[in-house]
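Student: Could you have a look at this structure, given as structure tokens, before my questions?
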Amino acid sequence: MAQLDVIVIGASAGGVGSLQRVAERLPASLPAAVFVTLHLPEGMRSVLPQILERAGPLPAVHAENGQLIEPGCIYVAPPGFHMTLERDRVRVTRGAREHGLSPAIDPLFRSAALAFGPRVIGVVLSGQLDDGTVGLADIKRAGGVAVVQDPDETAFQSMPKSAIAHVNVDYILPADEIGRMLEHLVLEEETADRQPVPADSTARSELDVLTNHQDEREKPGEPSPYGCPDCGGVLWELTDAEVLRFRCRVGHAFTAETLLTTQAHAVEQALWSALRALEEQAAVKKRIAERLRRHGHDVAADKIMAKARQLQSQGQQVRRLLLGGVSAAEP
């Protein structure tokens with residue numbers, strides 16, 4: 001019989017308040033280690049450990065690479081670094097971004113499933129898009145427990161709704177009740193009746209790439225016609241997952257939803273660059289036309305001014321596209 005003693009939690013937009021409410025309900029004597037990944041921009045200073053310590057009785061720290069795992073402690077992924085788990089320690093690595101994010105939730109969940117199997121409880125809280133869904137499915141396959149925050153009480157429902165849609169979730173609860181349920185699961189439940197499925201090669205390969213171990217496979221999946229938004233390499237479609245996913249050779253990974261969002265951001269960035277170039281060209285041509293006119297070259301000045309007006313018109317069309325949200329990513 002395996003005791004549930006590893007808790008992994010993923011959150012994004014709107015997740016800090018949910019994390020506080022979960023931490024508040026955890027007991028000081030909890031015989032389990034808690035690991036938290038919250039989406040934060042790289043380079044941003046995180047005070048999440050201090051927030052969680054004030055919210056509840058457990059100590060909280062930013063995880064350090066190679067740190068030994070101790071029960072009764074909350075480990076938080078530092079901004080810009082993925083947090084993954086081994087049998088007795090935490091790994092904190094740069095790694096390739098997943099879903100355009102670092103840290104991402106799926107690497108934490110995936111590594112927990114591989115390292116601890118039926119001892120893991122995975123929790124998905126408030127957030128945008130679908131990070132955490134694939135990792136939560138890995139936890140379930142390994143014999144662990146899946147808990148999701150009730151989408152109706154979240155400000156951002158996409159992450160919990162995606163998890164519920166694609167994973168056979170065990171509990172859907174408000175954040176206030178999740179902490180109590182975690183205490184109950186850790187103290188009272190054993191996992192003799194949960195039969196883990198052997199980890200598939202895709203999960204192991206993705207973790208190896210993320211942690212800079214060599215991926216021996218030349219083809220991570222079926223080739224797709226799409227390029228990786230992060231490095232420009234070929235994206236391979238992973239066909240053995242509940243969710244349509246893609247990964248490039250060096251490890252950047254996307255679900256279909258996050259790929260669409262990243263592509264939309266790239267289109268928007270390209271349009272802003274095009275707008276800047278058009279307006280700058282129009283401004284330079286106006287200066288040239290003015291200079292020619294001062295020297296009496298009216299015919300040449302008129303031709304160049306006409307071209308400047310054409311560039312301005314094209315710029316206005318691009319600006320209307322941008323302001324109308326044609327290329328905008330999902331909020």
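Student: Taking H placed 1.01 Å from N in the peptide plane, check which residues at least 5 places from ARG91 or on another chain put their amide H under 5 Å from its amide H.
Tutor: Correct list: GLY66, THR84, LEU85, GLU86.
Student: Same structure again: Taking the Cα-to-Cβ direction at ALA256 and at ARG291 and moving 7 Å from each Cα, how far apart do the two end points lie in nm?
Tutor: It is 5.5 nm.
Student: Relative contact order for the chain using alpha-carbon pairs under 8 Å, separation at least 6, rounded to a whole percent?
Tutor: 15 percent
Student: Quick one: length gained pulling ALA274 to GLN316 fully straight, 0.36 nm per residue minus the C-alpha distance?
Tutor: Result: 14.0 nm gained on full extension.
Student: Would you mind counting up the charge near PRO229? Only other residues with Cβ under 13 Å from its Cβ, with Lys and Arg at +1 and Asp and Glu at -1.
Tutor: The answer is -1.
Student: Still on this structure, please answer the following. Give the peptides 135-144, 310-319 in descending order of average Cβ contacts within 10 Å, highest first.
Tutor: 135-144, 310-319
Student: Based on the alpha-carbon gyration tensor of segment 1-154 and its eigenvalue square roots a ≥ b ≥ c, which shape applies: rounded if a/c is under 1.5, prolate if not and a/b is larger than b/c, or oblate?
Tutor: Note, shape of segment 1-154 comes out rounded.
Student: Could you tell me how many degrees, from 0 to 90 and to the nearest 10, lie between the Cα long axis of helix 15-25 and the main elongation axis, the longest principal axis, of the Cα atoms of the chain?
Tutor: Around 10 degrees separate the two axes.
Student: Another question, if that's okay. Let me have the 222 nm mean residue ellipticity of the chain computed from DSSP H runs of 4+ only, each contributing -39500 (n - 2.57), with the sum over all residues rounded to the nearest 500.
Tutor: Result for the chain: -14000 deg cm²/dmol, rounded to the nearest 500.
Student: For a Förster distance of 51 Å, can you work out the FRET efficiency between the beta-carbons of SER29 and LEU244, rounded to the nearest 0.05?
Tutor: 0.75
Student: R0 = 25 Å: FRET efficiency of ASP170 with GLU42, Cβ-based, nearest 0.05?
Tutor: E between ASP170 and GLU42, to the nearest 0.05, is 0.15.
Student: Where both residues lie in the chain, what percent of DSSP beta bridges are antiparallel, nearest 5?
Tutor: 40 percent
Student: If R₀ is 51 angstrom, what is the calculated FRET efficiency for the pair ARG89 and LYS307, using the beta carbon separation as r and rounding to 0.05?
Tutor: 0.20
Student: For a test of understanding, tell me how many lysine pairs in the chain have Cα atoms under 28 Å apart, given they are 8 or more places apart or on different chains.
Tutor: 6
Student: Something else: With a 1.4 Å probe and every protein chain kept in, tell me what percent of the accessible surface of the chain is carbon plus sulfur.
Tutor: Looking at the chain in its full context, I get 51 percent from C and S.
Student: Tell me, what is the percent relative contact order of segment 1-142, built from C-alpha pairs under 8 Å that lie six or more residues apart?
Tutor: About 29 percent, as a whole number.
The values are calculated or read from the model by the stated rules, or taken from the named source; none is laboratory data. Being a predicted model, the structure only gives us computed values, none of them experimental. Cβ coordinates were reconstructed from backbone atoms using ideal geometry, including for glycine residues, and neighbour counts include every protein chain displayed. For the accessible areas, the whole protein counts, side chains as well, though only heavy atoms, and no ligand, DNA or RNA atoms are used. Shrake-Rupley method; radii C 1.70, N 1.55, O 1.52, S 1.80 Å.
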